[in-house]
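Participant: Sharing a structure below in structure tokens format, with a few things to ask.
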Amino acid sequence: MTAPFRGLLRITALVVLLFTVYAVIPLQTDEWWIGLLAGFVALVAITPFTIRRTRAITASDQPIMAAAEAIVFVVAMLVFGFSSVYLAIDRGNGQFVGLSTKIDAVYFTSTTLATVGFGDIHAEGQAARLAVTAQMVLDLSLLAIAVRLLVRAAQDRKAASTARG
């Protein structure tokens, strides 16, 4: 099995595992706080994950693939984290208009991440607006920083391996 194929298989497995956890954790029940906690853990874990992956990229034989894997997983963590938070804070159905299911939450998080904002689901309550604002700020800053770090580490590693021959 080639290294790029193994990397693709590994990142696919990680993303599937992440969204399997999302599918089974309670988000709109009396145990909503578990989903909220899981969402916050995923969001907080992005920074140490990015630092750890940056170090791994600098030692990788496939630095570009390793950077791509890390970027995909950071995006998946953002979507998982905010989708969980949105459903948990909307458990009383007053924070968002149009947010009813886990798929709705992933859809809303993805449209916000992509800065599309169709308007079919939107923040109504103050807690929801605060969470969406936090997502917008995190999306812009964290993704820019994470992508820059990971791509730079991959470029540096590739240049170093090319120089060695």
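Participant: For the stretch 92-165, report the convex hull volume of the alpha-carbon atoms normalised per residue, in Å³, without decimals. Can you show the working numbers first?
Facilitator: Details: hull volume 7.5 nm³, N = 74.
Convex hull volume per residue, Cα atoms: 101 Å³.
Participant: To the nearest 20 Debye, how big is the dipole of the chain about its Cα centre, given +1 on the beta carbon of each Lys and Arg and -1 on that of each Asp and Glu?
Facilitator: Numbers: 13 positive and 10 negative charges, 189 e Å.
Computed about the Cα centre, the dipole is about 900 debye.
Participant: So for the chain, averaging the separation of alpha carbon pairs under 8 Å that are six or more residues apart and normalising by length, what relative contact order in percent results?
Facilitator: Reported relative contact order: 27 percent.
Participant: Please report the base-10 log of the normalised intensity I(q)/I(0) for the chain, using a Debye sum with one equal scatterer per alpha carbon and no solvent, at each q in 0.14, 0.17 (1/Å).
Facilitator: For the requested q values the scattering log ratios are -0.73, -0.97.
Participant: Next question. For the stretch 131-160 and the stretch 28-44, what is the separation of their C-alpha centers, rounded to whole Å?
Facilitator: Each part reduced to its Cα centre gives a spacing of 24 Å.
Participant: Name the residue farthest towards the positive end of the dipole of the chain from the options W32, V21, Q95, assuming +1 on Cβ of Lys and Arg, -1 on Cβ of Asp and Glu, about the Cα centre.
Facilitator: It is V21, whose Cα lies furthest towards the positive end.
Participant: Okay, moving on. Taking the alpha carbon gyration tensor of the stretch 20-103, what are the square roots of 5 times its eigenvalues, largest first, to the nearest whole Å? Please list the in-between numbers first.
Facilitator: Details: eigenvalues 198, 26, 18 Å².
The three semi-axes for the stretch 20-103 are 31, 11, 9 Å.
Every number in this text was worked out from the coordinates using simple rules, so none of it is lab data. Note that the structure is predicted; figures quoted are calculated from it, not measured. Glycine also receives a Cβ, built like all others from the backbone with ideal geometry; neighbour counts cover every protein chain displayed.
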